[in-house]
1. Looking only at segment 202-232, filter to residues that are of a type in the set (S, T, N, Q) and within 27 Å of the chain's Cα centre (by Cα); which one of those is farthest from Phe80 (Cα to Cα)?
2. State which residue pairs qualify: first residue over 29 Å from Phe50 (Cα atoms) and inside segment 238-260, second residue part of a helix (DSSP H, G or I) and of a type outside the set (Ser, Thr, Tyr) in any location, beta carbons under 6 Å apart, and separation of 6 or more residues or different chains.
3. Just need a number here: residues in segment 291-327 that are charged (D, E, K, R) and farther than 24 Å from Ile11 by Cα.
4. Scan segment 277-288 and give yes if some residue there is surrounded by 12 or more Cβ atoms within 10 Å (Cβ to Cβ) and among the polar types (S, T, N, Q), otherwise no.
5. Regarding Ile101, is this residue over 27 Å from Gln312 (Cα atoms), surrounded by 13 or more Cβ atoms within 10 Å (Cβ to Cβ) and within 22 Å of the chain's Cα centre (by Cα)?
6. In segment 210-237, which residues are within 24 Å of Ala66 (Cα to Cα), free of Cβ contacts under 8 Å to residues at least 60 places away in the same chain and not charged (D, E, K, R)?
7. Restricting segment 247-276 to residues that are of a type in the set (Phe, Trp, Tyr) and modelled with pLDDT of 95 or more, which is surrounded by the fewest Cβ atoms within 10 Å (Cβ to Cβ)?
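The values are calculated or read from the model by the stated rules, or taken from the named source; none is laboratory data. Small disclaimer: the values here were computed from a predicted structure and weren't measured. Here Cβ is always computed from backbone atoms with ideal geometry, including for glycine, and neighbour counts include all displayed protein chains.
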Amino acid sequence: MSKHPMIEQLIDAQLDFLDQEFAQTETIQHEFKQFYHCLRLQQLQHIWSFPQIFELLEKQILATPASSFLVEQITEHIRFALIHPLNDQTTIEEVIPVLTIDSIAQYVASKSGHRQRLIRTIVNNPAFSALITQLIQHSIQDYLDNSVMSKRVPGVGHFMKMGKSVLETVTDSNLNETIGHYLQKNILKISQMSERVLNQHFNDDKLYHFQANLWHKIKVMPLSVLRNYVEVQDLPKTVGMGHDIWEHIRQTDYLKQQVHDGVYAWYARNQERTFDLLLRDLNIDENLIENELSNLLAPILGHVIQTGYLRQRARAYLEKFYYSEHVTEIFKKQGA
């Protein structure tokens, strides 16, 4: 393609003009504002359809595994947060508001129906029955073997051992078996009694005060106490296990259907809302567009101009325009 002197001059002049205009912060702010004004009144349904949004989320979230680098970064950020020196100087009550704790305590204490169902489920579980049976057996056996009275009063130890021997002879079994048999026959009564005791101990008022007292004990502790419950050196393993769970669930039909229906419900509620309202949901408004975001973009555009990238890309399109058949015909008619 032969170069046309006038066209080359026009292209250079336009490129100089673009460099000068976009080197000014005011231009960037103005363009951002104009773009926002153009977008803000458009309804979601006029720009994007539900299938477009879902297909993007499905591809990028469900069908794409997390990179090993991302998993390592998550691990490192958690580790950094746990070992940060500020944790030794900052107490729990400085980062968790007491009013929130009190609201949680009142909410938990008020759920008596949920709590009673949970207690009933626990005490009627075979594992609970077995635990209570073993605890009672061990307590009785320990009392007989290590009674304080039998150690202090002469002859009592011998008497208790003799009583135990007589009981085992009469029942034709050892004491543990006898007690175990009794507990098995009466485990329903024991469970019901346990349920009543637990409900009495964890009524609304007592549970609220238990939580309040617990808060007063832990609120002055430094945040570094968390390291007693989270093994920093085990983070690669624990975060890795969490990643393994996500790797499995993201590929299930269950999660795909949940995401599909969730996005559909959101789209149905918002399809007629304008982008102005949708952006406000994310705390993005005209002031943010005009100031913070444009200020963030200014250094990027500055770098694009300084490196000559903007000039290079703009020249490609300007040449395509000026050397098009339509424009060259105009030049010919003008005798240029």
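1. Within segment 202-232, the match that is farthest from Phe80 (Cα to Cα) is Gln211.
2. Val239/Ile74
3. Here is the first cut: in segment 291-327, the ones charged (D, E, K, R) are 292, 311, 313, 315, 319-320, 325.
Within this subset, residues satisfying the condition of being farther than 24 Å from Ile11 by Cα are 292.
Qualifying residue count for the region: 1.
4. Pass one, segment 277-288, residues surrounded by 12 or more Cβ atoms within 10 Å (Cβ to Cβ): 277-280, 284-286, 288.
From what is left, the residues that are among the polar types (S, T, N, Q) are none.
Within segment 277-288 (the criterion being surrounded by 12 or more Cβ atoms within 10 Å (Cβ to Cβ) and among the polar types (S, T, N, Q)), the answer is no, since none of the residues qualifies.
5. On the way: over 27 Å from Gln312 (Cα atoms): yes; surrounded by 13 or more Cβ atoms within 10 Å (Cβ to Cβ): yes; within 22 Å of the chain's Cα centre (by Cα): yes.
For Ile101, the condition - over 27 Å from Gln312 (Cα atoms), surrounded by 13 or more Cβ atoms within 10 Å (Cβ to Cβ) and within 22 Å of the chain's Cα centre (by Cα) - is met.
6. Across segment 210-237, the qualifying residue is only Gln233.
7. From segment 247-276, those of a type in the set (Phe, Trp, Tyr) are 254, 264, 266-267, 275; that's our starting set.
From what's left, modelled with pLDDT of 95 or more: 254, 264, 266-267.
Numbers: Tyr254: 9, Tyr264: 14, Trp266: 13, Tyr267: 17.
So, considering only residues that are of a type in the set (Phe, Trp, Tyr) and modelled with pLDDT of 95 or more, the one surrounded by the fewest Cβ atoms within 10 Å (Cβ to Cβ) is Tyr254.
This table checks each residue for (1) touching a helix residue (DSSP H, G or I) at 6+ places or on another chain (Cβ under 7 Å); (2) surrounded by fewer than 14 Cβ atoms within 10 Å (Cβ to Cβ); (3) of a type outside the set (D, E, K, R); (4) outside the structural domain of Phe128 (by TED's automatic domain parsing).
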{"position": "Ile190", "(1), (2), (3), (4)": "yes, no, yes, no"}
{"position": "Met193", "(1), (2), (3), (4)": "no, yes, yes, no"}
{"position": "Leu207", "(1), (2), (3), (4)": "yes, no, yes, no"}
{"position": "His216", "(1), (2), (3), (4)": "no, yes, yes, no"}
{"position": "Tyr229", "(1), (2), (3), (4)": "no, yes, yes, yes"}
